[in-house]
Structures are given as C-alpha cells and as structure tokens.
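Trainee: First the structure, which I've put down as structure tokens, then a few questions once you've had a look.
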Amino acid sequence: MSPMGKMADDVEGRRSRPPDSGTAADGGTAAGGGARGRHSFVVVASRLPVDRIENPEGGTDWRPSPGGLVTALEPVMREAAGVWIGWSGDAGPAPGPFRANGLDLVGVGLSVDQIRDYYEGFCNATLWPLYHDVISPPQFHRRWWDAYVSVNRSFAQAAVAQAAPGATVWVHDYQLQLVPRMVREQRSDVRIGFFNHIPFPGYEIFAQLPWRRQVVEGLLGADLLGFQRRADAANFLRACRRAAGLVTRGSAVLADRSCREVRAAAFPISIDSAALEEIARREDVRKRAAEIRLALDQPDTLLLGIDRLDYTKGILHRLNAYGELLNEGRLGPRVVLVQVASPSRERVEAYQALREDVEQTVSRINGEYAEVGSSPVHYLHQSYPREEMAALYLATDVMLVTPLRDGMNLVAKEYVSCRYDENGTLVLSEFTGAADELSGAFLVNPHDIEGLKDAIVRAATVSPAEARRRMRSMRKRVREHDVVDWAASFLDALGRVRG
Ligand code: GDG
C-alpha cells in the first residue's frame, strides 16, 4: 500500500505527508556518496517562505511573504514537519538554518552577480517569457546559463546535506530544473519529485532554448514530474522524445540506460480554501468589504483585477477592453474597476516597460472618463494583507482574471473561495490552468477584445439565479480539490512510483 494510502485511513482525515522514509532494505542507505541530513521531507524552492526585515533594535526578523507557492505549501510543510530550502531574496551569504513562522528553514546565498545573471537573467528574462509562449522575447546569454547551472548546484548541495536516508525531496519550479538530476547523482537513495508551477511550452517554442537537452535531462533526475495541466505534461513528454531522443510510453519516459521510468502527469495546484473562506466570513472583513463599496460611492457594478504586475497577466488587454466598454456605455454610468497590481521583478527591463504602459493606459482612461470626485479605474500598485484581499473579493461584482498564459492562477480560486454568499461572477481566460476546472466562469480569449467585452457585459448582467448556480459549481470544485488534496495526490503518486 502506498504511504498516502495509509493516510487515507487516518482517523484525523486527509493529510499531506511525504511517502515513508526508505530503509536499508529498499535502498535507503545503499547508494550515493553525498552527505546525510536529518529531514525525511525536504522542499527545495527558489524562495524561502519569509522575507527578512530589520527590527528597530538592529536585529533581523522574518515575516511570511505572499506568493503562489507559499500560499500552496505552507499548510503541507506544517503537517509534515519538513525543512524548506530557498533563497532569502537578499544578496550575500545565506543565513544559517533557522526557524521562522513555525517552519525549519535553510537559506541558499546568492551573490550580486548571481542575482543579475541567474535570477533576473536566466529565470526572469529567459525561462519565464519562453515558457509563457514568448509574450515577451526571451533572451539567451551563455553567461546567464552558467549562473543557472551554478546556482542549481548550490540548491542541490543544500538538499543533499539536509535529506535523511531515503528522504523525499520535492523540488519546485522553473528556477531549479537541474536540481533533480544533481541530487540523484549524489543520492540515489532519495525519492525526488518536481512540480512545475508555470506552463511547459509546446516543443516549437521550447526548442529555441540552446540548452534544451540539459534542461530535459536535469528534470528527468526526478521520479515524478508534476505539471498544472495535461497539455503541459504532454509538451514535456514530446520534448523528451525530440530534444533528448528518449522513448515515452503513455505518461512514462525511459530516462536513462538503466531504463529507469519517470512519470510526467498533471496535478493542478489549489489553495487552502477553507482557511480563506474563514477569513472572508469574519465580521471585520465583511465590514471592510462594505466600506470599500461605500468609499467607491456604491457603484452599480464593481469590477476587480488582482495580479502581480506581470506581462503574462493580460492587464493591458483588460484595461483596453474596459476603456472601450466605457466609451460604448455598455456597463452603465456607475461602474468602477479596481486593479491591484502588486509590485514584481522591478529590476527586470520588461517589467519596467509594462508598468509604464499600464500606468499610461490607466491615466488615459481616467483622463477621458473621470468626473470630479469619481474615477472609473482605481489602480493600486501595492501589496495588501490577506484580509484586505478577502474584503476586495467579497465586495466585487465581476472578477476579471484574463492572463495571456498562466500555469494555474490562484487568484481565481481565491475569489471563488471567498464568495460564501454565492454572489459575484468570474471572467476567466481560457489560457489559465484554472479554466480546466472552473466551468462556472465566463471563459474568454483575452486577445479577442470584442469577445472579452461581451463576456464582461454578460458577467455583469447575468441573472442572480444563474450567477449563483455558476458560483456554486465553482465553489464545490475548489472546496473538494484544495491544496491539501493537491499535495496529497502528488506525494501519493510519488510514493507509488518507486514503492
Ligand atoms: C505562479 C504561477 C500558479 C498577489 N498580490 C498580493 C497577494 N498575491 C497573491 C495572490 C495569489 C498569489 O499571490 C499569486 O498567485 P497566482 O497563481 O495568481 O500567480 P503567480 O504569482 O504568477 O504564481 C501561477 C502559481 O505559481 C501556483 O502554482 O498558479 O500560474 O504563475 O495567492 O493572492 N497576496 C497578498 N497581497 C497582495 O498584494 N497577501
């Protein structure tokens, strides 16, 4: 029986747990020359789930940081009492192992040059645009690739040092695609999972990467590769055949001469739906939602967008569609769009250009359609606490999630979880992973501005009964497939691969 199978019988109900640690009999101490650590569950992610802040006495404090991966893994980590390896976000040597926010954390240090070449360069200006359908042109620089290899090696070393014999190592995302193989080379006793949070592109796009074979081989160090959508897993399997000349059978790849089988499949990520709903139900949050509507002068229709300020999120397409709708008067006179665009990757050129474009577009729309005392767009280039986000979700009539490409999009799922009142509608891009699950949304192709406008109008004018039916179906889906379910199904499958 798989270890997660055992958990399913647990009287405490569902839990996310790494597969049981190995023993000498199943190879737990048999192979590999690397160091041995004490953790039987090791998460390796680009960032630590905390930000460093200086306290007034001159010391350092750590505060939880927002973001998709953190939102997803925090509850799993607490359940499994594992260790999380990641970068603190600052230049310089890593902090020693420490405990913060109830988690065991191990930092990996990045130098100023590595931040420039690995993080801002290869991760954010090569892989991110390449994997998101080349919305912005990816840049290929050999120096950036060298930095990517060396930083991946540092993360792999840290994992090797922390993992107990037979441990489960779960590596996350496109920043660390070489880590699975690097860990396997030193520690064949550990079980390795990898989850890709962003899309895996079609082969014609992936093939542009000068280091495509190395990336495929790096990933194939894992036992199980998880993707957001089935199409992503299929794209990866094709890359195995085309870039590395390997044989695939269904969802399995024959990885190397030993004919080790690696599985690639979809595990759509989700959120801690119950915890978020609890926040949304709090009296102070409901009061705040009412205050928000009051502060906006009780609009007939309140539209909301919440995104990192990223060119993948389709913010400009959304603003342009909204501007045209104002011009055509199709949403009535008392409509407001609140657009939260939380600051992101501000040192990367394409993000600076996007910010200018977005801010110019907002100014143009407000310049044309504002009246003294009221503006049709409220643009907020800030980050907010979860309570404020929940209040915004709750105050909204129509949520706009219109990315040009997005692995999943957690904002859509967060919105649905907050709407315990079963009100509100969702306009959702078909190019998000969430579109595979949230069938109660008004699905759109964000490149089709006329279609986007029509969908916004439909979502704003649908009958209350239909809106409720749609919302109910989406809430059911997210409640039944939450982040605990996601982690459990990934770890269960990982346990079965080598079990
Ligand atoms: C990547 C993939 C995939 C945003 N602003 C604030 C804030 N956030 C939180 C949201 C949400 C998260 O950040 C963003 O998650 P998304 O899924 O929307 O997008 P990415 O950051 O691009 O995440 C994505 C995800 O990984 C998980 O696998 O879904 O496709 O691109 O949770 O709420 N949170 C707070 N204040 C803000 O101002 N507290």
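Trainee: Answer yes or no as to whether GLY27 is modelled with pLDDT of 85 or more and at positive phi.
Mentor: Working: modelled with pLDDT of 85 or more: no; at positive phi: yes.
No: the conditions fail for GLY27.
Trainee: Sticking with this structure for a sec: In segment 391-499, which helices (runs of 4 or more DSSP H) lie fully inside it and hold 2 or more residues that are in contact (Cβ under 8 Å) with a residue 24 or more places away in the chain and within 16 Å of the ligand (Cβ to nearest atom)? Spell out the reasoning first.
Mentor: Details: elements: 410-418, 449-461, 464-480, 483-498.
Passing ranges, in order: 410-418, 464-480, 483-498.
Trainee: On the given criteria, is ARG334 modelled with pLDDT under 95 and either at positive phi or within 14 Å of the ligand (Cβ to nearest atom) (or both)?
Mentor: no
Trainee: Here's something else I'd like to know. Would you mind telling me which numbered condition in (1) within 21 Å of the chain's Cα centre (by Cα); (2) exposed (fewer than 14 other Cβ atoms within 10 Å of the Cβ) GLU283 fails?
Mentor: Exception for GLU283: condition (1).
Trainee: Given the conditions (1) modelled with pLDDT under 80; (2) open to solvent by 60 Å² or more (accessible area, probe 1.4 Å); (3) not in a loop (DSSP other than H, G, I, E, B), and given that PRO66 satisfies all but one, which numbered condition is not satisfied?
Mentor: For PRO66, the failing item is (3).
Trainee: Among the residues of segment 301-328, count how many are more than 16 Å from the ligand (Cβ to nearest atom), without any contact (Cβ under 8 Å) to a residue 60 or more places away in the chain and outside any helix (DSSP H, G or I).
Mentor: Total satisfying the criteria: 0.
Yes or no, residue by residue, for (1) more than 16 Å from the ligand (Cβ to nearest atom); (2) open to solvent by less than 30 Å² (accessible area, probe 1.4 Å); (3) among the hydrophobic types (A, V, I, L, M, F, W, C):
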site: GLY226; (1), (2), (3): no, yes, no
site: ALA231; (1), (2), (3): no, no, yes
site: CYS259; (1), (2), (3): yes, no, yes
site: ALA265; (1), (2), (3): no, yes, yes
site: ALA274; (1), (2), (3): no, no, yes
site: LYS287; (1), (2), (3): yes, no, no
site: GLU291; (1), (2), (3): yes, no, no
site: GLN298; (1), (2), (3): yes, no, no
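Trainee: Given the condition surrounded by 14 or more Cβ atoms within 10 Å (Cβ to Cβ), within 20 Å of the chain's Cα centre (by Cα), part of a loop (DSSP other than H, G, I, E, B) and in contact (Cβ under 8 Å) with a residue 12 or more places away in the chain, answer yes or no: does some residue in segment 382-389 qualify?
Mentor: There is at least one residue in segment 382-389 that is surrounded by 14 or more Cβ atoms within 10 Å (Cβ to Cβ), within 20 Å of the chain's Cα centre (by Cα), part of a loop (DSSP other than H, G, I, E, B) and in contact (Cβ under 8 Å) with a residue 12 or more places away in the chain.
Trainee: Determine which single condition GLN175 fails, assuming it passes every other condition in (1) of a type outside the set (Phe, Trp, Tyr); (2) in contact with a Pro (Cβ under 7 Å, 6 or more places away or on another chain); (3) open to solvent by 10 Å² or more (accessible area, probe 1.4 Å); (4) within 16 Å of the ligand (Cβ to nearest atom).
Mentor: All conditions pass for GLN175, except number (2).
Trainee: Among the numbered criteria (1) open to solvent by less than 20 Å² (accessible area, probe 1.4 Å); (2) under 26 Å from ASN320 (Cβ atoms), which single criterion is violated by MET471?
Mentor: Going through the list (1) open to solvent by less than 20 Å² (accessible area, probe 1.4 Å); (2) under 26 Å from ASN320 (Cβ atoms), MET471 breaks only (2).
Trainee: Before we move on, is ASP397 touching a Lys or Arg at 6+ places or on another chain (Cβ under 9 Å) and of a type outside the set (Ser, Thr, Tyr)? Write out each step before concluding.
Mentor: Details: touching a Lys or Arg at 6+ places or on another chain (Cβ under 9 Å): no; of a type outside the set (Ser, Thr, Tyr): yes.
No.
Trainee: Still on this model: Can you tell which of TYR379, TYR384 is hydroxyl-bearing (Ser, Thr, Tyr), farther than 25 Å from PRO138 by Cα, within 16 Å of the ligand (Cβ to nearest atom) and modelled with pLDDT of 95 or more?
Mentor: Sole residue among the options that is hydroxyl-bearing (Ser, Thr, Tyr), farther than 25 Å from PRO138 by Cα, within 16 Å of the ligand (Cβ to nearest atom) and modelled with pLDDT of 95 or more: TYR379.
Trainee: Given (1) of a type in the set (A, V, I, L, M, F, W, C); (2) at pLDDT below 95; (3) open to solvent by less than 30 Å² (accessible area, probe 1.4 Å); (4) more than 29 Å from ASP485 (Cβ to Cβ), identify the lone condition not met by PHE206.
Mentor: (2)
The values are calculated or read from the model by the stated rules, or taken from the named source; none is laboratory data. The model shown is predicted, which means the values in this text are computed figures rather than measured ones. No Cβ is skipped: glycine too gets one built from the backbone with ideal geometry, and neighbour counts run over all protein chains shown. Only protein heavy atoms, including side chains, enter the accessible area calculation; ligands, DNA and RNA are left aside. Shrake-Rupley method; radii C 1.70, N 1.55, O 1.52, S 1.80 Å.
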